[in-house]
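Below is one structure; the comments refer to it alone.
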Amino acid sequence: MNNLNASNIKKTGSNILGWFTIPPVMAILTVALARLLGGGFPGGDIDLSIWAMVWMLFIVMSVLYGLFNMNGLTGGLIPLQALAQGIILCPMALSYGTRMFEWLGVVLSVCGAIALVVIYNQSSHVASEAGSGIENDVKKIPVKFVITDSAGIILNISEEMAEVLDVQRENILNKPVSDFFSPVGRSVEINEKFWDISRKELDDGKRYYFEFKDKALPTSSDDADETEENGQLDASAMMLRDPETGLHTYNYGLIRLDEDLYRAGRYKRELTGVLIRVVFPNLLPDEDMTPYHEAFIAYCRLIKKDIRISDTIFEFDDMQVLIILSECSPTMAETVVERHLSLINALASNYESLLHATIMHVTNSVDGEMSDTMPTAREFVETLREAMTRKYSAQALSGEV
């Protein structure tokens, strides 16, 4: 059925012969035949209203015939011809007393109507299958894209993009795009990964095309800008999570923090960062770090499960993690910290080194409603780093660590 060359649905150029066989021309032969063979039975008088209806239907069929022929829809010409001649033949035969031709007219009309319905169904089915074939080809294009209408309803999406969203393609179509990602901005986070978005307007704003590409992550070294400009980002800079702790990498965490700070400033919300440092006072200079490292990894994995989806937790310096709590005041952040510190007790039975560990923390908060300018991610992080250094140095001098 995918073959569009079937004769009954084929669309070709205008049929010149069809103009010489339009229903009015053929009706001359039909009327002549009915009159010639008439006389076997007495003719009947046909009411004027019946004639009016018959001629109106005949004219409609003739116009449709002309339109079909003009548009190259030659497959429908014969059924329309049969329908038109049947409509005119039935009352003509009745008027001239040719009873046999009365029923011939009925048969022609019925067969023509049935043939038109069959051709229409076949054409619709073929068009649907052809459209489905095109749809299948489009969705398999190896590009991550989404097409929406002007109201943001998803009209089409590639299979690769559906895999990124981790949702069945059928469950995405005809849904608001905002259910899956934010259509504004130049980048978006989807399932803990950032993507660059290019957006194009189609059909004068009636549709929108979104294409997604992997977002390039900056390195944390001093020559990060130069490296990125030269397009020489190494594999470690592109990692989103540390395979051991399961936490976001420092590079990715800075990107998340930059966007969280931007949202806090734009929507006038609070944001608090908590820097946690795990200190092992009993650690000797030449002692094997393996058990301490394993204990720290276990602690990171445990607190990662305890934070909200909207929050970000990523690696900092050695034995330190930074938690970014969106829409969270300093008071609320302290409550979160207390809960995280209590998790140490849950791990101490399996990791003996944690029994004597000291957990230090410092916080840094910004309020978008109170601040005209928001710090950058690096400025925010540097404030925490300096606060932790001062706190650690003070406790070290006092002998607490």
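Peptides 314-322, 334-342 ordered by packing proxy, namely the average of other Cβ atoms within 10 Å per residue, highest first: 314-322, 334-342.
Inter-label distance, Leu17 to Ser182: 6.7 nm, where each label sits 7 Å from its Cα along the C-beta direction. Accessible surface comparison of Val279, Val107, probe 1.4 Å, protein chains only, largest first: the order is Val107, Val279.
Sorting 84-90, 292-298 by their mean Cβ neighbour count within 10 Å, with the most densely packed peptide first, gives 84-90, 292-298.
Any chance you could run the full-extension gain for Arg269 through Met53? It's 0.36 nm times the residue separation minus the Cα-Cα distance, nm to one decimal.
Values: separation 216, 0.36 × 216 = 77.76 nm, distance 7.36 nm.
Once the chain is fully extended between Arg269 and Met53, it gains 70.4 nm.
Going down the table (Lys193/Lys305; Lys144/Lys305; Lys193/Lys304), which pairs top 26 Å between alpha carbons? All intermediate terms of the calculation are to be shown ahead of the outcome.
Working: Lys193/Lys305 18 Å; Lys144/Lys305 30 Å; Lys193/Lys304 17 Å.
Violating the 26 Å Cα-Cα cut-off are Lys144/Lys305.
Each residue, Arg339 and Gln395, gets one label point 7 Å from its Cα in the Cβ direction; the gap between the two is 2.2 nm.
Determine, for each peptide in 258-265, 46-53, 23-30, the mean count of other beta carbons within 10 angstrom over its residues, then list the peptides with the highest first. Let's see the in-between values first.
Values: 258-265: 19.2, 46-53: 10.9, 23-30: 15.2.
Most protected by this proxy first, the peptides run 258-265, 23-30, 46-53.
The values are calculated or read from the model by the stated rules, or taken from the named source; none is laboratory data. As the structure is a prediction and not an experimental result, all values here were calculated from the model. Glycine also receives a Cβ, built like all others from the backbone with ideal geometry; neighbour counts cover every protein chain displayed. Please note that ligands, DNA and RNA were not included when accessible areas were found on the heavy atoms of the full protein model with its side chains. Shrake-Rupley method; radii C 1.70, N 1.55, O 1.52, S 1.80 Å.
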